[in-house]
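First up is the structure itself, then whatever we jot down about it.
The values are calculated or read from the model by the stated rules, or taken from the named source; none is laboratory data. The structure displayed is predicted, hence computed values, not measured ones. Every residue, glycine as well, gets a Cβ built from its backbone with ideal geometry; the counts of neighbours run over all protein chains shown.
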Amino acid sequence: MFRQAQYAVSRKLPSTRVILLKALPRAGRTELLRALAATMGGLDRIMNCSELLYSKPEVASDLVERAVFVDGVHEGQVDELVTFIRSCLACEGSSPKFVLVPRDLKAEQHLISGLLGVISQIELPPIQVAEHLKHSKPLQTASSTVQHTTPRPTSINSPPWKKETIWLRGGLPESLNADSDGQSYAWRKEYIESLVKQDFSGWGIDASDRLPDVLQWIANNNGEQFDDAKCATSLSVKKESVRRSLDLLERIGLLRRLENWPARSNQSMSKLPVFYIRDSGLLHAMLGIDTLAKLRESGSIGHSWEGFSIEAIINSIPPSVISAYYRDRDRNEIDLVLNSHDGEVYAIEVKLNEQTKAKKGFGLGCAVIGATKKLVVHSGETDQTSEGGVPRLTLPSALKSLPQRSHDK
């Protein structure tokens, strides 16, 4: 599978000396490095960080015009790696390129601060609907670190996943490629538990902050306006503690925050943001939803589809587009507002049923924000005839109708 992030890295490398590839653990960064290296001269360009640091003299002499992909950077290796990279960049007549994959958040932050001014960041999100639409062959994955519920990757010639499978299981390759929904669910449960129980003391987080409980609170209220005071009271922690946890969960890549319109402005209608669990599979694992049948019966299905659609849209549009939601004192709502750099303002309403029309409050909100384009995104398989100037589109059609990242044109 050709991931969107591969386009982004390929386009960025000619003008950037160092790229840091950010992602949730097990999102497929090693596989992406292999794909990049294969298109740029061979897999010998991929080196484990320990291997690179052990053979620095030999590597340095062979770096004149090469790109080196450095996998598995530990925090304890960062200082030595940064010194080596800066010495290579300073060599006359040499223009090496580096793509770095840190092992954890500590190494990531250390690399960013150590290579300030020369490093660019690119995110590899879990597999997206837009990637699935363009490429039917599943991404093969390396062995899982989870020992008891390791899904086996499917054959490279397997048929494409169904949209509902990506929605249920999410886009982490080992979850998506599992042999059964049960295996996928068990893998995700262990994944979440191990992810949030790491040592985050470097971010001022300890057991008293109840990080797993804050994440569960978000899952239980996915897509709702978030009141940190209410969350803090419910969990018996301080508001500052909740805010630290939210900041960390965003840094990791678990949460998507949407500000109320106009985003990044003191004139926002409300100071309360909306949070979504970015990967729908992780959301479903936290809600105990392990099959499509349970998802269809769940009272959370509407917000689940809403978050899944919004994440797919945001990952397909240019990073320069500003995303927000709209909700005023009269509870007129727009699920997603996109402000494009060319002046277009997109108002998007997400509905589960393809026959459901946008409510009156959507139209009133569109008038307030000056929406130039309006659409409803639904979970069905058929685009509906526009009524009142608002087409009701399937998610794939909606993605094609919105601004595209430059590497997708």
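Annotations
- Residues considered: Lys271, Lys294, Lys230. Of these, the only one that is part of a loop (DSSP other than H, G, I, E, B), surrounded by fewer than 20 Cβ atoms within 10 Å (Cβ to Cβ) and out of contact with any Phe, Trp or Tyr (no Cβ under 8 Å at 6 or more places or on another chain) is Lys271.
- Top-ranked residue of the range 349-377 - restricted to ones that are assigned to a helix (DSSP H, G or I) and of a type in the set (A, V, I, L, M), ranked as surrounded by the fewest Cβ atoms within 10 Å (Cβ to Cβ): Ala367
- In the range 307-328 there is no residue matching the filter, namely being assigned by TED's automatic domain parsing to the domain that holds Pro262, without any contact (Cβ under 8 Å) to a residue 40 or more places away in the chain, more than 22 Å from the chain's Cα centre (by Cα) and surrounded by fewer than 17 Cβ atoms within 10 Å (Cβ to Cβ).
- Test: residue in the range 48-57 that is under 30 Å from Ser194 (Cβ atoms), at pLDDT 85 or above and surrounded by 19 or more Cβ atoms within 10 Å (Cβ to Cβ): yes
- Residue match in the range 376-388 (condition: closer than 23 Å to Ala263 by Cβ and either of a type in the set (Ser, Thr, Tyr) or within 22 Å of the chain's Cα centre (by Cα) (or both)): yes
The rows are residues; the columns are (1) assigned by TED's automatic domain parsing to the domain that holds Gly288; (2) surrounded by fewer than 20 Cβ atoms within 10 Å (Cβ to Cβ); (3) assigned to a helix (DSSP H, G or I); (4) modelled with pLDDT of 95 or more.
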position	(1), (2), (3), (4)
Ser175	no, no, yes, yes
Ala186	no, no, yes, yes
Lys189	no, yes, yes, yes
Asp199	no, yes, no, no
Gly202	no, yes, yes, no
Val214	no, no, yes, yes
